[in-house]
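Throughout, read-outs are computed from the coordinates displayed, never taken from laboratory work. The structure displayed is predicted, hence computed values, not measured ones. Cβ atoms come from the backbone with ideal geometry, glycine included; neighbour counts cover every protein chain shown.
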Amino acid sequence: MIHVGSIIKETLQKKGKSVTWFANEMCCTRTNVYKIFRKKSIDTDIIWRASQVLECNLFELISNKLNN
């Protein structure tokens, strides 16, 4: 099974951004960001917002992992 929270965390790290920055951009707390990182499945609205914030198509990354 794909762990979507891990994909978001990995993408954030690759972008060189901090959890604090991501939380501010997502309009949530750092605690909520860490909760997102621990989730295996995440609401598409959160994935969409995270994609916009990270300027990366997370749906494509998730799809690629499904196909591998």
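Results for (1) surrounded by 13 or more Cβ atoms within 10 Å (Cβ to Cβ); (2) among the hydrophobic types (A, V, I, L, M, F, W, C); (3) outside any helix (DSSP H, G or I), shown as yes or no for each residue.
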| site | (1), (2), (3) |
| --- | --- |
| 7 | yes, yes, no |
| 10 | yes, no, no |
| 14 | no, no, no |
| 21 | yes, yes, no |
| 24 | yes, no, no |
| 61 | yes, yes, no |
query: Scanning region 26-59 for residues that are surrounded by 17 or more Cβ atoms within 10 Å (Cβ to Cβ) and of a type in the set (Gly, Ala, Ser), which turns out farthest from the chain's Cα centre (by Cα)?
result: 51
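Let's see how each residue does on (1) among the acidic types (Asp, Glu); (2) out of contact with any Leu (no Cβ under 8 Å at 6 or more places or on another chain); (3) at positive phi; (4) without any contact (Cβ under 8 Å) to a residue 12 or more places away in the chain:
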site	(1), (2), (3), (4)
14	no, yes, no, yes
20	no, yes, no, yes
28	no, yes, no, yes
31	no, yes, no, yes
47	no, no, no, no
53	no, yes, no, no
60	yes, yes, no, yes
66	no, yes, no, no
